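Participant: What follows is a single structure, and I will ask about it in a moment.
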Amino acid sequence: MAGAFGLYRAYAAASIRSQLSYRASLVMTTIGIFLVTASEFVAVWALFDRFGQVRGWTLPEAALLYGMSSVSWAVCDAIGRGFDVFGDMVKTGGFDRLLLRPRSTVLQLLGQDFTLRRFGRLAQGLLVLGYAAVAGTIDWTVGRAVLLAGAIACGVCAFLGLLVLQATSAFWTIDKLEVWNAFTYGGLTMSRYPLPLYRPWFRAVFIFVIPLACVTYFPGVVILGRAEPLGAPAIAGWLAPLAGPAFLALGLQVWRIGIRHYRSTGS
Amino acid sequence: MPQIVVEQLVKTYQVAERAPGLWGALRGLVRRKHRTVRALDGISFAIERGELVGYIGPNGAGKSTTVKALSGILVPDSGRCEVAGRVPWQQRIAHVAQIGVVFGQRTQLWWDLPVIESFELLRDIYRVPPDRYARARDQMIGLLDLAPLLDVPVRQLSLGQRMRCDLAAALLHEPAILFLDEPTIGLDAPSKLAVRDFIQRLNRDRGVTVILTTHDMDDIEALCTRVMVIAGGKILSDGTLAALRGQVTRERWLTVDLASADAAIDEPDATVIRRDGGRVCLAFDPQAVAPAELIRRVTSRHAVRDLFVENPPIETIVARLYAAHGGGEAGSEP
């Protein structure tokens with residue numbers, strides 16, 4: 001009857017009904033987010049329009065990475081909002097209430113707030129992705145389409161992993177550490193552009209530490225049918241996205257340590 | 001076998017100490033001094049199924065630490081605790097499915113949703129089968145008179161209405177044990193009475209064990225057959241209200257209305273503790289002087305319009321007990 005998925009659906013439905021009780025505000029913020037994020041892409045378009053290509057990348061090629069990253073982040077942001085505002089929950093004691101319920105804390109936090117207004121961001125991501133798919137020279141095969149979908153799903157996991165780690169830090173610092181924003185929003189911006197544009201140490205961080213390049217750039221190169229200039233083996237594009245779920249699993253493990261700490265210090 | 005057993009429970013917190021002012025805050029960033037606070041200093045008690053126990057103490061005494069340990073949120077440093085045969089913090093999920101918790105200051109309902117939708121979410125969270133849910137829900141609606149509130153978003157409820165809904169929400173999964181944390185705080189008189197009446201019926205008719213923390217002594221007098229007093233992490237008193245009174249003082253109060261507002265009153269066995277015009281309140285020890293004897297003496301020497309004898313209010317008793325143990329504000333509640 002009420003398995004984890006069933007409960008998540010009930011939570012999401014409740015969250016959506018809550019938001020619909022402020023309909024005008026919801027519509028306005030959704031449109032607002034769409035316009036803001038759309039204007040971000042206009043800046044990218046202007047850059048390519050001026051120079052034609054950037055280090056051998058055309059606009060539709062760059063748009064593929066941009067779209068993949070935006071869609072992953074939009075989905076993650078819509079479902080993982082509970083983790084994003086988690087610091088306040090710890091401060092106000094709201095987290096105790098979650099511990100008093102006979103369900104996993106992760107499931108309850110995911111269900112906490114299913115944010116509809118993020119659809120503004122999702123719409124932007126999908127539009128950019130659609131543009132990349134038709135305007136470029138991608139030779140679409142079933143395999144490449146599957147890789148695209150898989151990479152986006154893995155991207156959602158990678159971003160969620162970041163949100164979970166960010167939330168976990170609240171067990172120790174109470175205040176959400178702003179430094180995390182450098183990784184979440186910095187990582188988001190980084191993952192929208194081709195990896196070879198960055199310095200080697202910076203690339204290494206986003207391949208091996210926070211694997212956002214693994215869920216956008218490497219599969220992106222395979223989908224585009226480009227030669228990979230950094231010397232990664234051809235199979236990397238197919239396997240690298242799995243770093244996303246692995247990163248999330250790591251985040252959840254640290255989360256468990258955080259809860260143990262919280263329950264023994266009570267702060 | 002008692003339903004709740006607590007033995008020698010100890011919990012300490014590390015509290016960061018910080019010098020006052022901006023300079024202190026900056027220094028605290030670099031080096032912090034920590035002070036250990038014993039929130040629970042080896043407390044022991046046992047509670048039988050179906051008891052209604054008041055748990056009182058000044059702020060920072062360890063009340064909420066105890067409740068957190070009993071409800072499985074907090075892992076203590078040492079000591080034993082079993083609730084219905086389980087160690088709360090070892091089997092959190094199985095444990096919390098069997099208990100209900102209500103915080104007077106916080107709601108567990110969904111702010112923007114109609115009350116009934118919160119109930120349905122809780123049904124899914126606690127995996128209550130549909131027939132049992134329907135029965136529990138209808139009983140709660142009847143007992144707490146919730147029918148007119150079900151379609152109202154929680155944010156539009158008055159405090160009293162919200163508390164009634166919160167009580168129902170905590171009981172939809174029919175827990176055997178209910179923890180109430182200041183359930184009457186901020187309520188108007190009729191709401192207080194309704195909440196008290198409900199708690200009493202729940203305990204008497206259904207045998208639900210209730211542990212009630214409160215600062216409102218009227219709650220305690222109206223509801224509890226047993227009171228535990230905690231201060232400084234130690235249980236100071238555990239027994240009936242009468243026993244608590246006896247432990248602190250035998251004192252009784254005689255209040256007399258004198259005909260003349262400025263008559264001097266001087267009794268060797270009694271002390272004047274309050275005087276307001278002709279109304280004088282005398283404290284006396286009934287073992288040193290029998291009440292009847294004191295009344296005879298006072299009425300023979302003064303013109304008395306009215307008089308009555310009473311026990312000191314339970315607030316006074318409790319305040320004295322706290323004070324005797326360095327009580328009062330013992331620190332902040334962690």
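The values are calculated or read from the model by the stated rules, or taken from the named source; none is laboratory data. Predicted, not measured: the structure shown is a model, and the values here were computed from it. Backbone-built Cβ (ideal geometry, glycine too); neighbour counts: all protein chains shown. What goes into the accessible areas is simple: the full protein's heavy atoms, side chains included, and nothing from ligands, DNA or RNA. Shrake-Rupley method; radii C 1.70, N 1.55, O 1.52, S 1.80 Å.
Participant: Just want to confirm a number: the relative contact order over the range A:4-265, from Cα pairs under 8 angstrom separated by 6+ residues, in percent.
Facilitator: Relative CO of the range A:4-265 lands at 25 percent.
Participant: Moving on. Between B:Glu267 and B:Arg49, what's the calculated FRET efficiency when r is the beta-carbon distance and R0 is 60 Å? Round to 0.05.
Facilitator: Here the calculated transfer efficiency is 0.75.
Participant: Separate question: Which of rounded, prolate, oblate describes the range B:183-234, given a ≥ b ≥ c as roots of the alpha-carbon gyration tensor eigenvalues and a/c under 1.5 marking rounded, otherwise prolate only if a/b is larger than b/c?
Facilitator: oblate
Participant: At 1.4 Å probe size, with no ligands or nucleic acids counted, give the accessible surface of B:Thr36 in Å², nearest ten.
Facilitator: The accessible area comes out at roughly 80 Å².
Participant: Leaving out ligands, DNA and RNA but keeping every protein chain, what accessible area does A:Ser169 have, in Å² rounded to the nearest 10, with a 1.4 Å probe?
Facilitator: Only protein atoms counted, so the area is about 20 Å².
Participant: Which angle from 0 to 90°, rounded to the nearest 10, does the C-alpha axis of helix A:179-191 make with the longest principal axis of chain A?
Facilitator: Long axis of A:179-191 versus the principal axis of chain A: about 30 degrees.
Participant: Here is a further query. Considering Cα pairs under 8 angstrom that are at least six residues apart, work out the relative contact order of the range B:80-215 and quote it in whole percent.
Facilitator: 32 percent
Participant: Using the Cβ atoms and a cut-off under 15 Å, what net charge is assigned to the surroundings of A:Arg23, where Lys and Arg are +1 and Asp and Glu are -1?
Facilitator: +1
Participant: Which of these, B:Gly50, B:Gly232, B:Gly142, has the largest mean-square fluctuation under a Gaussian network model of chain B (Cα springs below 10 Å)?
Facilitator: Among B:Gly50, B:Gly232, B:Gly142, the largest mean-square fluctuation in the Gaussian network model of chain B belongs to B:Gly142.
Participant: Step through the residues of the range A:233-245 one at a time and calculate ³J(HN,Hα) from phi using the Karplus curve (6.51 cos²θ - 1.76 cosθ + 1.60, θ = phi - 60°), rounding each to whole Hz and writing x for Gly and Pro.
Facilitator: Couplings: x, 4, 6, 4, x, 8, 9, 3, x, 5, 4, x, x Hz.
Participant: Averaged over B:121-127, how many beta carbons belonging to a partner chain fall within 10 Å of each residue's beta carbon?
Facilitator: Rounded to a whole number, the mean comes out at 6.
Participant: By a straight-distance test (C-alpha under 18 Å), which aspartates and glutamates pair with B:Lys234 as possible cross-link partners, with residues fewer than eight away in the same chain excluded?
Facilitator: B:Glu7, B:Asp41, B:Asp77, B:Glu329, B:Glu333
Participant: Helix A:59-79 versus the longest principal axis of chain A: what angle, 0 to 90°, nearest 10, using Cα atoms?
Facilitator: Taking the Cα atoms of chain A, the angle to A:59-79 is about 10 degrees.
Participant: Using a simple spin-label model with points 7 Å from Cα along the Cα→Cβ vector, what separation in nm is obtained for A:Ala135 and A:Val179?
Facilitator: 3.9 nm
Participant: OK, next. For peptide A:93-101, compute the average count of partner chain beta-carbon atoms within 10 Å of each residue's beta-carbon.
Facilitator: Average per residue, whole number: 6.
Participant: Then there is this: Between the alpha-carbon centers of the range B:109-153 and the range A:207-267, tell me the distance in whole angstrom.
Facilitator: So the two Cα centres are separated by 42 Å.
Participant: Which length gain, in nm to one decimal place, applies between B:Val10 and B:Asp151 when the Cα-Cα distance is subtracted from 0.36 nm times their residue separation?
Facilitator: Stretched fully, the B:Val10-B:Asp151 segment lengthens by 46.3 nm.
Participant: In addition: More than 14 angstrom separation, counting every C-alpha pair in the range B:250-311; what % is that?
Facilitator: 48 percent
Participant: Continuing with the same structure: So, R0 is 56 Å and r is the distance between the beta-carbons of A:His261 and B:Ser300; what FRET efficiency does that work out to, to 0.05?
Facilitator: For A:His261 and B:Ser300, the calculated efficiency is 0.20.
Participant: Just tell me which aspartates and glutamates come within less than 19 Å, Cα to Cα, of B:Lys33; anything on the same chain fewer than 8 places away is out.
Facilitator: B:Lys33 reaches B:Glu17.
Participant: When only C-alpha pairs under 8 Å and at least 6 residues apart count, what is the relative contact order of the range A:151-267, in percent?
Facilitator: Result for the range A:151-267 is 41 percent.
Participant: Can I ask one more? Ordering A:Phe41, B:Phe119 by accessible area with a probe of 1.4 Å, largest first, what comes out?
Facilitator: A:Phe41, B:Phe119
Participant: Can you list which of the DSSP-assigned H helices in chain B have a Cα extent of 18 Å or more along the long axis and an average Kyte-Doolittle score of at least 1.6?
Facilitator: Flagged H segments: there are none.
Participant: For a quick check, take a GNM of chain A with Cα springs below 10 Å and name the residue from A:Met28, A:Met68, A:Met190 with the largest mean-square fluctuation.
Facilitator: Among A:Met28, A:Met68, A:Met190, the largest mean-square fluctuation in the Gaussian network model of chain A belongs to A:Met28.
Participant: Also, quick follow-up: In terms of Cα to Cα distance under 15 Å, which aspartates and glutamates are near enough to B:Lys192, apart from those fewer than 8 places away along the same chain?
Facilitator: B:Asp145, B:Asp166, B:Asp181, B:Glu182, B:Asp216, B:Asp218, B:Asp219, B:Glu221
Participant: Continuing with the same structure: Looking at chain B as a GNM with Cα springs under 10 Å, which of B:Cys81, B:Cys165, B:Cys281 has the largest mean-square fluctuation?
Facilitator: Among B:Cys81, B:Cys165, B:Cys281, the largest mean-square fluctuation in the Gaussian network model of chain B belongs to B:Cys281.
Participant: For the protein assembly as shown, what is the accessible area per residue in Å² when the probe is 1.4 Å?
Facilitator: Value for the protein assembly as shown: 45 Å² per residue.
Participant: Provide the solvent-accessible area of B:Asp306, counting protein heavy atoms only and rolling a 1.4 Å probe, rounded to the nearest 10 Å².
Facilitator: 80 Å²
Participant: Looking only at other chains, what is the average number of their beta-carbon atoms within 10 angstrom of each beta-carbon in A:255-262?
Facilitator: 1
Participant: Quick one: buried accessible area between A and B, total over both chains, 1.4 angstrom probe, nearest 100 Å²?
Facilitator: Interface between A and B: roughly 2700 Å².
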